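All remarks here apply to the structure that follows.
Computed from the coordinates by the stated procedures, all read-outs in this text should not be read as laboratory data. In this text, all values refer to a predicted model and were calculated from it rather than measured experimentally. Quick reminder, even Gly has a Cβ in these numbers, built from the backbone with ideal geometry, and neighbours come from all protein chains shown.
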Amino acid sequence: MIDETEKRILDRIDANREQIIAFAEDIAAHPEPGFEEVRTAGKTAEFLKSLGYEVKEHLAITGVKGEMKRNGGPTLTVISELDAIGCHSHPMADRRTGVAHACGHHAQMAAMIGCAIAMADPEIRDELDGNVNFLAVPAEEYIDADKRTRLKEKGIEFCCGKSEMIRTGVFDDTDIALTTHVHMVPVEEDFYLGNPPCNGYTAERVTVRGKAAHGAIDPWNGVNALSITTSAVQMMGLMRETFREEDHVRLHNVIRKAGDVINSVPDEAVIETKVRAASLERIEQVMEMVNRAYDGSAYAFGGKIEREVLQGYMPILPREADEALIEAANDLGLDYRSVQKGDFNNACTDVGDLSHLLPIVNFTFKGFEGKLHGADFKITDPEKAYILPAKLLALTAYKLLRNGGEKANEIKDSYMPFFDKESYIQYIKNITEKKAD
C-alpha cells in the first residue's frame with residue numbers, strides 16, 4: 001500500500017510522461033561520443049535548472065550534476081550516462097562520428113530526469129531526511145588509445161567517466177549511488193533487481209617495430225611487423241582452451257595500423273588488446289600471457305615490442321537487491337526477479353570502479369528489442385524503458401530517505417569499501433604508469 005508521498009511521486013512522473021519520453025527520443029536522435037557529449041550535457045543541465053536544481057557543469061569536461069541541498073542525512077546520487085557507442089551500421093548513428101545509442105544510455109537519462117522531476121516537488125522533498133543528487137556522467141564506453149592521448153592534453157588523467165569523477169572529487173559527498181541500465185544479463189522479466197558480478201578489463205596499445213625493406217627486391221632484409229602481429233594474435237587464439245569458464249575471460253584485438261604501403265615490408269603495426277575477466281588477479285594473469293605472445297613473436301621474427309597500458313574497469317562487487325528497491329518494485333506491481341546465485345554479467349562498466357568505493361543500488365530493465373551495441377537495438381516500449389524506471393528510481397530514493405533515512409543509513413553503515421579515494425587513485429596510477437616494454 002503506497003502512502004500519500006509515494007502517490008504524489010507517481011502522479012508527478014505520470015503528469016510529465018510525454019516530456020520524459022520526448023527528452024529520451026531527443027537524446028537518441030543526437031548521439032555523441034565519450035567526453036564529447038556537449039549537446040546532451042547542455043540539454044540535461046537546462047532541464048535540471050528548469051526544475052530548480054543547483055547545477056554544476058563541465059565536470060570531467062561534459063559531466064552535469066544537479067543538487068538540491070538539505071541539512072544533514074545521507075546523500076544519494078542518481079547516475080545516468082551521457083555517451084553513445086560506436087555502431088556505424090545503426091540506423092540512428094551519427095554520420096560524422098559513427099556513434100549511436102545502441103547502448104540504451106538515453107533510457108537511463110530519461111529515468112534520471114523523471115526521478116528529478118519527482119524530487120523537485122517541495123512537498124516530496126520535505127519528506128526526505130537526506131539529499132538526492134543527479135549526475136550525468138561522460139564516457140562510460142571504451143575510449144581508444146589515440147583519443148586518450150588527446151584527452152590527457154586537456155587535463156583528463158583517468159580516461160573513464162566515473163573514474164575521473166572519483167579522482168576530481170565529484171563523488172566526495174555521495175553515500176549511496178543509484179544506477180540503472182537496460183538488461184545486460186539475459187532475464188525474461190521486465191526488471192532485474194540488484195547488481196550481479198561483472199567482468200572488469202584492462203587494455204594496452206602495442207606497437208610492433210619491424211624493419212622496412214622492398215617487398216619484391218629484398219623482402220628477406222626486412223622484419224615484417226604485420227607477421228609478428230598475426231603470429232601473436234594466433235597464439236592468443238590457441239590460449240583460449242586454457243581459460244576457465246568460471247573466470248569469464250574475453251580477449252579482443254583491433255589492429256589500428258599494419259604498415260603504410262603494400263609494396264614494402266611493414267615496419268610498424270599498432271594493436272589495441274583488451275582482456276576481460278571476473279577478477280583483477282585473473283585479468284593480470286591473462287594479460288601476462290598476452291604479453292608473452294607478443295614478446296615471443298617479436299623474438300622469433302627479430303622485431304621489438306612497445307606497450308602502453310590503458311586503464312580499464314574493475315569488476316563489479318556484487319550486491320543483492322536492497323529491501324527498499326524490492327518494496328518499490330512490489331508497490332509498482334512490476335514483473336521482476338532479483339539477482340540469483342550463478343548470475344554473471346560478461347560485459348564491463350565503470351560502475352565496477354565505483355562499487356569498490358560506494359554501495360550501489362542497481363536495477364536493469366526491458367522495453368527494447370535487438371542486441372545491445374548492435375544495429376538492431378531499439379526501444380519498443382517507452383513505458384518499460386523510460387517511465388517505469390523513473391518511478392522505480394524515485395520510489396526507491398524516497399524509501400531510502402524517509403523515517404530519518406533509516407534504510408539509507410543501514411546500507412551506508414554496513415558497506416565495507418575496498419578503496420578510499422586516495423588509495424583508489426594511487427592504484428590506478430600504479431597501473432597506468434607502469435612501463436611494460
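In terms of the mean number of neighbouring beta-carbon atoms within 10 Å, the peptides 325-332, 47-54 order highest first as 325-332, 47-54.
Starting with the highest mean, order 357-370, 241-254 by the number of other Cβ atoms within 10 Å, averaged over the residues of each peptide.
Working: 357-370: 22.1, 241-254: 13.9.
My ranking of the peptides, most packed first, is 357-370, 241-254.
For residue 413 and residue 168 in the same chain, what is the full-extension length gain: residue separation times 0.36 nm, less their Cα-Cα distance, in nm?
On the way: separation 245, 0.36 × 245 = 88.20 nm, distance 2.44 nm.
The span from residue 413 to residue 168 would gain 85.8 nm if fully extended.
The residue list 214, 227, 237 was ranked by how far each Cα lies along the charge dipole of the range 207-246 toward its positive end, using unit charges on Cβ atoms, and 214 comes out on top.
Normalised by the number of residues in the range 200-313, what is the relative contact order in percent for Cα pairs under 8 Å and 6+ residues apart? Walk me through the intermediate numbers first.
Working: 238 pairs, mean separation 51.2, N = 114.
Relative contact order here is 45 percent.
Segment residue 50..residue 211, full-extension length gain: 51.9 nm, with 0.36 nm per residue of separation and the alpha-carbon distance subtracted.
About its Cα centre, what dipole magnitude does the chain give when the only charges are +1 on Lys and Arg Cβ and -1 on Asp and Glu Cβ, stated in debye to the nearest 20? Could the numbers behind the result be given before it?
Working: 51 positive and 72 negative charges, 272 e Å.
Its charge dipole is roughly 1300 debye.
Relative to the longest principal axis of the Cα atoms of the chain, helix 4-15 runs at roughly 60 degrees.
Here the peptides 404-410, 190-196, 147-153, 311-317 are ranked by packing, the mean other Cβ count within 10 Å, and the order with the highest first is 311-317, 190-196, 404-410, 147-153.
When the helices in the chain are scored as -39500 (n - 2.57) per DSSP H run of 4 or longer and the sum is shared across all residues, what 222 nm value do you end up with, to the nearest 500 deg cm²/dmol? Show your work: numbers first, answer last.
Working: 13 runs with 165 residues, N = 437.
Calculated mean residue ellipticity at 222 nm is -12000 deg cm²/dmol.
Report the local net charge at residue 290: Lys and Arg +1, Asp and Glu -1, summed over other residues whose C-beta lies under 11 Å from its C-beta. Write out the running numbers ahead of the final one.
Values: positive: 274, 292, 307; negative: 204, 284, 288, 295.
In short, -1.
Only four residue types carry charge here, +1 at the Cβ of Lys and Arg and -1 at the Cβ of Asp and Glu. Report the dipole size of the range 311-384 about the Cα centre in Debye, rounded to the nearest 20. List each step's numbers first, then the result.
Working: 7 positive and 13 negative charges, 59 e Å.
Approximately 280 debye in magnitude.
Couplings for the range 293-307, taken from phi via the Karplus curve 6.51 cos²θ - 1.76 cosθ + 1.60 with θ = phi - 60°, read 5, 4, 5, x, 5, 4, 5, 4, 9, x, x, 9, 10, 10, 10 Hz in order; Gly and Pro are left as x. Entry note, the chain: relative contact order of 22 percent, from Cα contacts under 8 Å with a spacing of 6+ residues.
Computed from backbone phi with θ = phi - 60° and the Karplus coefficients 6.51, -1.76 and 1.60, the 3J(HN,Hα) list for the range 97-104 is 9, x, 9, 8, 7, 7, 9, x Hz; x is used for glycine and proline. Here the extension length gained between residue 262 and residue 7 equals 84.9 nm, from 0.36 nm per residue of separation less the Cα-Cα distance. Here the dipole of the range 137-269 is about 760 debye; that uses its Cα centre as origin and unit charges on the Cβ of Lys and Arg (positive) and Asp and Glu (negative).
Checking the table 341/421; 274/429; 69/399; 152/429 against a 21 Å threshold on Cα-Cα, which pairs fail? Before the final figure, lay out each step's value.
Numbers: 341/421 30 Å; 274/429 18 Å; 69/399 18 Å; 152/429 13 Å.
In this structure, 341/421 lie more than 21 Å apart at Cα.
3J(HN,Hα) along the range 122-127, derived from phi through the Karplus expression 6.51 cos²θ - 1.76 cosθ + 1.60 where θ = phi - 60°, amounts to x, 5, 6, 4, 5, 8 Hz, with x in place of Gly and Pro.
DSSP bridge analysis restricted to the chain gives an antiparallel fraction near 70%, rounded to the nearest 5.
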